[in-house]
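Structure first, then comments.
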Amino acid sequence: MNYKKRTISGPGVLVAAAFIGPGTVTVCTITGATYGFTLLWAMVLSIIATIVLQEMAARIGLVTGKGLAGVIRETISNKFFRIFAIGLMLSAIALGNAAYEAGNLSGGVLGIEALGLSGLFKIGGITLNAWSISLGVLAAIILFIGNYKVLEKILVALVIIMSLAFLITAVMTKPDILALIKGSFIPSFPDDSLLTIVALIGTTVVPYNLFLHASLVSEKWSGKEDIPAARRDTVVAVILGGLVSMAIIVCAAAIQSGEVKNAADLARSLEPLFGDYARYFIGLGLGAAGLTSAITAPLAAAYVVQGCLGWKPNLKATKFRLVWLTILILGIVFSSVGYSPVEIIQFAQVANGVLLPIIAGYLIWVINKRAVLGSHTNTTVQNIISIVIWCVVFILGARTILKVFGVL
């Protein structure tokens, strides 16, 4: 099979690997346990929004041959707004991913511990987690290889493992197919569900994935002639990622218990129904989700710093490696000792809340500039859909900011 024509591998799969992290698994678990199938439609909406935004980011990356951060840096002529944009991107993506990396590694550790494997040990009175350190080191080794094709194959394998784990478990629950279809395509708003709906969309439409995607397409493809292949890759991979998220909701819906707060609880709750198989599948899926996000978050941050500071694209460059290594080390330290940098996370959440609608708006603006995209600008229908999605994204950003300040 021609490497360039594959539709189930590529940057799209890395994007799916990035958004199906421990946070997504937790949100989907709580959603299913609390509301059953009734909010599956929100995931369908999330999938559509993600496809539209990621396709635009990929198109910009292929046509310009640059990452999104680099394109922003070069197309904003006003010095004040350019500095503001660079500062916002560095705060939201680089600093934010450093803070979130501990959560990615901790999520992977939860999956391993769900298999009954404990990794706690003490040094000088400080309790550390060997699994957290091991996952961080493994992520560092994979990133240090610095070969896109190798990175892609590893993450594709992890996504397949994660997908099979959650999809098989969902099938084991023997869901009501009619109720599942109804929940997927007929919107409903149960009491107190609005914030959960917004959270479902927010955990799928992720700002750093837009930067990651725009940079990675140039690693795999050569230019604008590969836009159709990139579009197929995006659609297939994001739909697969969405199906995995929906499968987690289906698994949790089989419990219908408010006591289920994360995937580890889900594994324990399903065990009486399906025996050790549930624990193994859920643990394996969560472990893979944590590891994929632990790899893609530092990688995305490195690409953003590279674009913001005008470095030449090079996965093996020392400066590039120092960025993702710094983020990984911080994640390993915070997760292994069980410390959560709350203030940094809150700052990053506010920055992301501001960045998401700005970047989505910027995508729509640039994608319509013939001077940049030539004949590959948006059609009228694409623009209408994009503007509707921007409104959703604006609500997401506002919700994130208000939540941080305790308004919600």
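For the stretch 359-368, filtering for residues that are touching a residue at least 24 places away in the same chain (Cβ under 8 Å) and either of a type in the set (Gly, Ala, Ser) or farther than 13 Å from Leu53 by Cβ (or both) leaves 2.
Restricting attention to the stretch 370-390, the residues that are under 23 Å from Ile76 (Cβ atoms) and either open to solvent by 70 Å² or more (accessible area, probe 1.4 Å) or without any contact (Cβ under 8 Å) to a residue 40 or more places away in the chain (or both) total 6. Filtered by the rule that a residue be touching a Ser or Thr at 6+ places or on another chain (Cβ under 6 Å) and part of a helix (DSSP H, G or I), the stretch 157-199 gives Leu158, Gly183, Thr196. Remark: pairs (first residue in the stretch 148-176, under 13 Å from Ile249 (Cα atoms); second residue open to solvent by less than 30 Å² (accessible area, probe 1.4 Å) and outside any helix (DSSP H, G or I); Cβ separation under 9 Å; 6+ apart in sequence or on different chains) = Phe166/Ile20. From the list Leu158, Leu178, Leu195, the one residue that fits, being under 13 Å from Tyr35 (Cβ atoms) and open to solvent by 20 Å² or more (accessible area, probe 1.4 Å), is Leu195. In the condition set (1) farther than 21 Å from Ala294 by Cα; (2) over 18 Å from the mean Cα position of the chain (by Cα); (3) in contact (Cβ under 8 Å) with a residue 24 or more places away in the chain, Val236 is compliant with all but (2). Residues being of a type in the set (Ser, Thr, Tyr), in contact with a Lys or Arg (Cβ under 8 Å, 6 or more places away or on another chain) and open to solvent by less than 10 Å² (accessible area, probe 1.4 Å) are entirely absent from the stretch 48-55. Before we move on, is Leu291 in contact (Cβ under 8 Å) with a residue 60 or more places away in the chain and within 15 Å of the chain's Cα centre (by Cα)? For Leu291, the condition - in contact (Cβ under 8 Å) with a residue 60 or more places away in the chain and within 15 Å of the chain's Cα centre (by Cα) - is met. Under the condition of being in contact with a Lys or Arg (Cβ under 9 Å, 6 or more places away or on another chain) and of a type outside the set (S, T, N, Q), the residues counted in the stretch 67-88 number 7. Screening the candidates Leu128, Leu117 for the property of being modelled with pLDDT under 85, open to solvent by 70 Å² or more (accessible area, probe 1.4 Å), touching a helix residue (DSSP H, G or I) at 6+ places or on another chain (Cβ under 8 Å) and not in a helix (DSSP H, G or I) yields one hit, Leu117. Annotation: Arg321 fulfils all but one of (1) surrounded by fewer than 20 Cβ atoms within 10 Å (Cβ to Cβ); (2) at pLDDT below 90; (3) in contact with a Leu (Cβ under 8 Å, 6 or more places away or on another chain); the unmet one is (2). Restricting Ile168, Ile160, Ile197 to residues that are over 18 Å from the mean Cα position of the chain (by Cα) and of a type in the set (A, V, I, L, M, F, W, C) narrows the list to Ile168.
The listed residues are Lys79, Lys66, and the only one of them that is basic (Lys, Arg), under 30 Å from Thr377 (Cβ atoms) and buried (at least 16 other Cβ atoms within 10 Å of the Cβ) turns out to be Lys66.
When Ala300 is tested against (1) touching a residue at least 60 places away in the same chain (Cβ under 8 Å); (2) over 18 Å from the mean Cα position of the chain (by Cα), exactly one condition is not met: (2).
The values are calculated or read from the model by the stated rules, or taken from the named source; none is laboratory data. Values in this document were obtained by computation on a predicted structure and should not be read as measured data. Note: ideal-geometry Cβ built from the backbone for every residue, glycine included; neighbour counts use all protein chains shown. The accessibility values were calculated without ligands, DNA or RNA, using every heavy atom of the protein model including side chains. Shrake-Rupley method; radii C 1.70, N 1.55, O 1.52, S 1.80 Å.
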